[in-house]
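Take a look at the structure set out below.
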Amino acid sequence: MMMNRARSFAVATGVFALALVGGAAAWAQARTDLVIGMSLEPPHLDPTAGAAAAIKEVTYANLFESLVRVDSSGALVPGLAEGWTVADDGKTYRFTLRPNAKFHDGAPGDAAAVKFSLDRARGAESVNGQKGYFASIASVETPDPRSVVVTLSRPDGLFLFHMAAGDAAIVSPTSAATNKQKPIGTGPFTFDRWAAGDRVVLTRNPEYDGPKPALERVSFRFISDAAAQIASLKAGDVDAFVQFNAFEALPEFRNDPKFAVTVGTTEGETLLSTNNARKPFDDVRVRRAMAHAIDRKTLIDGVLYGNGVPIGSHFPPHRAGYVDLTGLYPYDPAKAKALLAEAGYPNGFDATLRLPPPPYARRGGELVAALLAEVGIRLTIEPMEWASWLDKVFKGKDYDLTMIAHTEPLDIDVYARDSYYFNYRSAAFVRLEEELNRTQDPAARNALYGQQQRLLADDAVNGFLFMLPAVTVQNAKISGLWVNRPIQANDVTGVTWK
Amino acid sequence: MLAFALRRSLTLALTAWLATIVVFAVLELVPGDPALLMLGVNAQADTLAALRAQMGLDHPPVERYLRWVGGLLRGDLGVSLTYARPVADLVAERLVVTLPLALLSLALSTAAAIPLGLLAVARRGRGGDWAVLGFAQIGVALPSFWIAILLILVFSVTLGWFPAGGFPGWEAGALPALRALTLPALALAIPEAAILARVTRTAILDTLGEDHIRTARAKGVSRTAVLLRHALPNALLPVATVLGLQLSFLVAGAVVVENVFTLPGLGRLLYQAIGQRDLIVVQGVVVLLAVFVVLVNALVDIACAAADPRPKAAS
């Protein structure tokens, strides 16, 4: 009797499970859809009102367009503006817009919308995460519906580059207020729905005035847990996972012909950020000693399973203007100890290493602590969540050492900021930055970038560790996904299925 | 009975009020600025100030607390700082995932635990009993998230029967939605069933020692009938009490399991809101959960009181 009950329960459970499984094989064929996995969910979908990379990684070039656009190689190509001219003084930019650009709600993608967007981003009420990008604008004029003339108060060598950022997306005065939940841009995809906590779905924009993408439907799914990321790929729930950081699983995916793994470049200089105002780190000998004590190869092998490129200063090796300074402080623990002794720390010292949540920081922090311990620098590791890290370390500058990737493109200028959390002050660096801002000629600019890199490396401002790789694990039949990440984006307009 | 219910309501109101104070104070003290989180490392002082004003964070804490509690009393949970949507909408949207998940795992755990408890008693001291006790011991020790990963590996990755995570939404149909909830519900139900099976076993054994059971046996009722008709109904009272208590743990477990399965439930909303320092959402969800837990406990007490006349007579 008892056993009969147990058995019938087991049978009932089995039937229930089978019934659920039955509905599995429903959608298999139609491959004009794509499911992209991302680690973090965007807080909202307005790129002009938030710094979270995830916002741009959904919207850039797909939903919203900026005047200029960054392509997969990092080059500046036409966006909403089909062309532009720069006056000789470097202060007047004239943009010509595409003739038939329209927002998804039918509003015109014209000069008035551009003027509205730029004025909104630089205005008093602006909540743009990169308001500084618009600081050099003196005025925006619209001589006709297809022309925008931007006059700068000073030459700004990075102006076009900044106008290509997601933060400079062109929005419509009719929908700007509601873009957070219902984003409306001029791009080749329209917003379909956002199942909060799970996915954002975009569909192809039939009204788009440019070349139409091959995909009809793109879903961005948000999966933060590393084990779940791996499972979602293997189960076929996602077709590609971008910024994949469970590096230990890569050999498995590389060996499986169903998958393709690409390792590209990002703009993420990963640093052992150092509080230059705090003892003993205010002594350049101590900072140089640390540089000699850190073996980048050990770090890259341990943290990225070999998938990274070492750096010797704050500049990505794939950009023009890069100077290789990785040989300046070769790994040499004996030399490090000697420098520490010279600085008055023959027995080393104690310090704290505050680590934000990303895996590269948590894992890298452990290795850095082990490497520094060998020369007598004893670190106490303090893991922190983002909110606390931003508040205490970044804003409060209350830290000795921390580990973080600086992912903004061409952000070497942060060393010229007085109030930045490195507490680095160098009149020489500021002079170079001012000269850069006055210089338009690419060769001259690159020379100045080179001088900046040398100065930072010479001062050993931070521990310059490695570039964060852009790892994508994807279904082998997909082509057209970006390999490199010159800007925060998942531009799917060129993606096709084989 | 009326006085009992009244006393309970008073406790409920008091608990809810205390919860608002505690959660508000804790969120004020924890480091982290929602505006800075939103605008990131290149934010300028003026944009941060503009966003703080937009979020209503430029007012003193006491004023913000009073405004929030005032809203709660009018049934208004406020507007999320990150999502820019009413908290009530967000919660409603997430409840359609978390509530079915909790109920499904409750149903699964009960459906497994009571037969297992009965089986253990019927086979007392023999193999079946040891197997159930072993399951109970292991099931209690295994954390839900670990079970979750194991289930994903077996049933999604290897067998491909269930999705590895995510939720298609109820609009995609009941079957796909239930499929998405099955593994998470199992991950929650297994530790739950382990506890319940033990409780059921002990409760039945306790009742078996009582006089009316001996009388029934003496009257010639079969062992099985005694177990099912006499012992089990009387053992259900302690089981129901534990079940009520477990419901609170289920909600806590849901936070973890929803994250492993990336289910857009209340737990994940809370987890993300804490990370984003979305104070309004965290406050609202925590107070709702506190009220829910107190309410469930009160309901269990009332149900027990109704089923058993003794505590009423005593009070």
Within segment A:383-402, count every residue that is among the acidic types (Asp, Glu) and under 14 Å from A:SER273 (Cβ atoms).
2
Report whether or not B:ALA216 is over 17 Å from B:LEU116 (Cα atoms), part of a helix (DSSP H, G or I), touching a Lys or Arg at 6+ places or on another chain (Cβ under 9 Å) and not β-branched (Val, Ile, Thr).
yes
For the list (1) in contact with a His (Cβ under 9 Å, 6 or more places away or on another chain); (2) within 13 Å of chain B (Cβ to nearest Cβ), I need the number of the one condition that A:SER232 fails.
(1)
Considering residues of segment B:72-104 that are among the small types (Gly, Ala, Ser) and at pLDDT below 90 only, the residue nearest to B:ARG277 (Cα to Cα):
B:SER80
Within segment A:377-399, of all residues that are surrounded by fewer than 19 Cβ atoms within 10 Å (Cβ to Cβ) and in a loop (DSSP other than H, G, I, E, B), the one nearest to the other protein chains (Cβ to nearest Cβ) is A:GLU385
Checked pairs for segment B:31-43, first more than 7 Å from every other protein chain (Cβ to nearest Cβ), second polar (S, T, N, Q) and assigned to a loop (DSSP other than H, G, I, E, B), C-beta under 8 Å and 6 or more apart or across chains, list as B:PRO34/B:THR82; B:PRO34/B:GLN276
Residue among A:PHE9, A:PHE95 that is modelled with pLDDT under 95 and over 30 Å from B:LEU37 (Cα atoms):
A:PHE9
State all residues of segment B:219-235 that are assigned to a helix (DSSP H, G or I), surrounded by fewer than 17 Cβ atoms within 10 Å (Cβ to Cβ) and among the aliphatic types (A, V, I, L, M); if no residue qualifies, say none.
B:ALA225, B:LEU228
Can you confirm whether segment A:159-166 contains a residue that is assigned to a loop (DSSP other than H, G, I, E, B) and surrounded by fewer than 20 Cβ atoms within 10 Å (Cβ to Cβ)?
no
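Examine segment B:169-188 for a residue that is outside any helix (DSSP H, G or I), within 11 Å of chain A (Cβ to nearest Cβ) and on the phi > 0 side of the Ramachandran plot, and state whether such a residue exists.
Yes, segment B:169-188 contains at least one residue that is outside any helix (DSSP H, G or I), within 11 Å of chain A (Cβ to nearest Cβ) and on the phi > 0 side of the Ramachandran plot.
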Under 6 Å between Cβ atoms, at least 6 apart or on separate chains: pull out the pairs that start in segment B:1-15 with a residue that is exposed (fewer than 13 other Cβ atoms within 10 Å of the Cβ) and end on any residue that is modelled with pLDDT under 80 and β-branched (Val, Ile, Thr).
none
Across segment B:38-90, what is the total count of residues that are closer than 30 Å to A:ILE412 by Cβ and not small (Gly, Ala, Ser)?
10
Which listed residue is buried (at least 20 other Cβ atoms within 10 Å of the Cβ), within 11 Å of another protein chain (Cβ to nearest Cβ) and farther than 30 Å from B:ARG67 by Cα, from B:LEU151, B:LEU159:
B:LEU151
Any residue at all in segment B:264-271 that is surrounded by 15 or more Cβ atoms within 10 Å (Cβ to Cβ), within 20 Å of the chain's Cα centre (by Cα) and away from chain A (no Cβ under 14 Å)?
no
Note on B:VAL96: of the conditions (1) buried (at least 18 other Cβ atoms within 10 Å of the Cβ); (2) among the β-branched types (Val, Ile, Thr); (3) touching a residue at least 12 places away in the same chain (Cβ under 8 Å); (4) within 13 Å of chain A (Cβ to nearest Cβ), unmet is (1)
Answer from A:ALA444, A:ALA460, A:ALA405 - the residue that is farther than 23 Å from A:ARG288 by Cα and either over 19 Å from the mean Cα position of the chain (by Cα) or touching a residue at least 60 places away in the same chain (Cβ under 8 Å) (or both):
A:ALA444
Quick check on my filter: what residues within segment A:305-319 are farther than 12 Å from A:PRO469 by Cα and over 19 Å from the mean Cα position of the chain (by Cα)?
A:GLY312
Give segment A:209-229 a look and list any residue that's buried (at least 22 other Cβ atoms within 10 Å of the Cβ), within 11 Å of chain B (Cβ to nearest Cβ) and part of a loop (DSSP other than H, G, I, E, B), or say none.
A:ILE223
For segment A:371-387, give me each residue that is modelled with pLDDT of 90 or more and out of contact with any Ser or Thr (no Cβ under 9 Å at 6 or more places or on another chain).
A:LEU372, A:ALA373, A:GLU374, A:VAL375, A:GLY376, A:ILE377, A:ARG378, A:PRO383
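Please work out if A:GLU248 is away from every other protein chain (no Cβ under 12 Å), touching a residue at least 12 places away in the same chain (Cβ under 8 Å) and in contact with a strand residue (DSSP E or B) (Cβ under 7 Å, 6 or more places away or on another chain).
It is false that A:GLU248 is away from every other protein chain (no Cβ under 12 Å), touching a residue at least 12 places away in the same chain (Cβ under 8 Å) and in contact with a strand residue (DSSP E or B) (Cβ under 7 Å, 6 or more places away or on another chain).
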Positions within segment A:197-217 being touching a Phe, Trp or Tyr at 6+ places or on another chain (Cβ under 7 Å) and hydrophobic (A, V, I, L, M, F, W, C), in sequence order
A:VAL200, A:LEU202
For segment A:126-169, which residues satisfy the criterion of being more than 21 Å from B:ALA50 (Cβ to Cβ), modelled with pLDDT of 95 or more and within 23 Å of the chain's Cα centre (by Cα)?
A:MET163, A:ALA164
Kindly evaluate B:ARG223 against the criterion of being touching a Gly at 6+ places or on another chain (Cβ under 7 Å) and basic (Lys, Arg).
no
Would you pick out the residues in segment B:236-282 that are outside any helix (DSSP H, G or I) and closer than 23 Å to B:VAL79 by Cβ?
B:PRO264, B:GLY265, B:GLN276, B:ARG277, B:ASP278
Hits in segment A:29-78 - residues which are within 28 Å of A:ARG319 (Cα to Cα), part of a strand (DSSP E or B) and away from every other protein chain (no Cβ under 14 Å):
A:TYR60, A:PHE64, A:VAL68, A:ARG69, A:VAL70, A:LEU76, A:VAL77, A:PRO78
Go through (1) more than 8 Å from chain A (Cβ to nearest Cβ); (2) under 21 Å from B:LEU270 (Cα atoms); (3) in contact with a Lys or Arg (Cβ under 6 Å, 6 or more places away or on another chain) for B:ASP58 and report which single condition fails.
(2)
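The values are calculated or read from the model by the stated rules, or taken from the named source; none is laboratory data. These figures come from a predicted structure and were not determined experimentally. Ideal geometry is used to build each Cβ from the backbone, glycine not excepted, and the neighbour counts take in all protein chains shown.
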